[in-house]
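Colleague: Before anything else, here's the structure in question.
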Amino acid sequence: MIRYINFISVSEYNKLRESVGWRQIDRQRAEKGLDNSYYTIAAYDEERAVGFARVIGDGGYMYLIADVMVDPQYQGQGIGKAILGYINEWLDSLAQGDLFVMVNLMSTKGNEGFYEKSGFVRRPNDEMGAGMVRWINT
């Protein structure tokens, strides 16, 4: 049975990154990044992390959903949907009354439809240009 908790160890985080084909993060930088996240949610099967995502931001109105990943052996079981549900619930709680938040994310290629089901809008569109990224020292 999959359980969801608000913690992941650096070693489990990097194992999960490896499972989805992403590069490993230096232990100290990964720990700092995870510790400075506003919200984290991890899916566990027994003691093994099989899914994860986190929210980073400015603490005001701007937030970014980052590191959305599900181990390929566990994809198609609703884990990503559940993780995004927990994140959206947390983010929705920040937009009370007249307050608003802007939530950004960068989808991996081919997974845009997954996020559209949760209300995200594909870019570029008539109002917004394409999202962009710059890797330094790759």
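Colleague: What nm value, rounded to one decimal, do you get for the distance between S9 and E127 when each label is placed 7 Å out toward the C-beta?
Modeller: Label at S9, label at E127, 4.4 nm between them.
Colleague: Same structure, new question: Assuming a strict under-22 Å limit between Cα atoms, what lysine pair count do you get for the chain once near-sequence pairs (fewer than 8 apart, same chain) are dropped?
Modeller: Taking the chain as the scope, the lysine pair count is 6.
Colleague: Which angle from 0 to 90°, rounded to the nearest 10, does the C-alpha axis of helix 10-19 make with the longest principal axis of the chain?
Modeller: Value to nearest ten degrees: 80.
Colleague: Something else now. Got a number for carbon plus sulfur as a percent of the range 1-87's accessible area, 1.4 Å probe? Intermediate values should be presented prior to the final figure.
Modeller: Details: 2340 of 4860 Å².
C and S atoms contribute 48 percent here.
Colleague: Also: In degrees between 0 and 90, to the nearest 10, how far off the longest principal axis of the chain does helix 79-94 point, with axes built from Cα atoms?
Modeller: The angle comes out near 50 degrees.
Colleague: Now, a different point. Would you please name the trypsin sites (Lys or Arg not before Pro) within the range 1-38 that are DSSP coil residues with at most 11 other C-beta atoms within 10 Å of their C-beta? Let's see the in-between values first.
Modeller: Working: sites: R3, K15, R17, R23, R27, R29, K32; in loops: R23.
Passing sites in the range 1-38 are R23.
Colleague: Quick check: pseudo-label points 7 Å beyond the Cα along Cα→Cβ at M106 and D45, how many nm apart are they?
Modeller: Each label point lies 7 Å from its Cα, and together they span 2.9 nm.
Colleague: A further question follows. When Rg and Dmax of the Cα atoms in Å is calculated directly from the model, which label among [x] 25.0, 82; [y] 15.2, 45; [z] 18.0, 62 fits?
Modeller: Given [x] 25.0, 82; [y] 15.2, 45; [z] 18.0, 62, the structure-derived one carries the label [y].
Colleague: In square angstrom, what is the accessible area per residue of the range 1-120 with a 1.4 angstrom probe?
Modeller: Details: 7310 Å² over 120 residues.
On a per-residue basis, 61 Å².
Colleague: Please identify every one of the GluC sites (Glu not before Pro) in the range 30-129 that sits in a loop by DSSP and has no more than 16 other beta carbons within 10 Å of its own beta carbon.
Modeller: Passing sites in the range 30-129 are E46, E47, E127.
Colleague: With just the Cα atoms defining each centre, how far is the range 66-138 from the range 1-65? Give it in Å.
Modeller: The two parts, judged by their Cα centres, are 14 Å apart.
The values are calculated or read from the model by the stated rules, or taken from the named source; none is laboratory data. Please read all numbers here as calculations on a predicted model, not as lab measurements. Note that each Cβ is placed from the backbone with ideal geometry, even for glycine, and that neighbours are counted across all protein chains shown. To get the accessible areas, we keep the full protein, side chains included, count just its heavy atoms, and leave off ligands, DNA and RNA. Shrake-Rupley method; radii C 1.70, N 1.55, O 1.52, S 1.80 Å.
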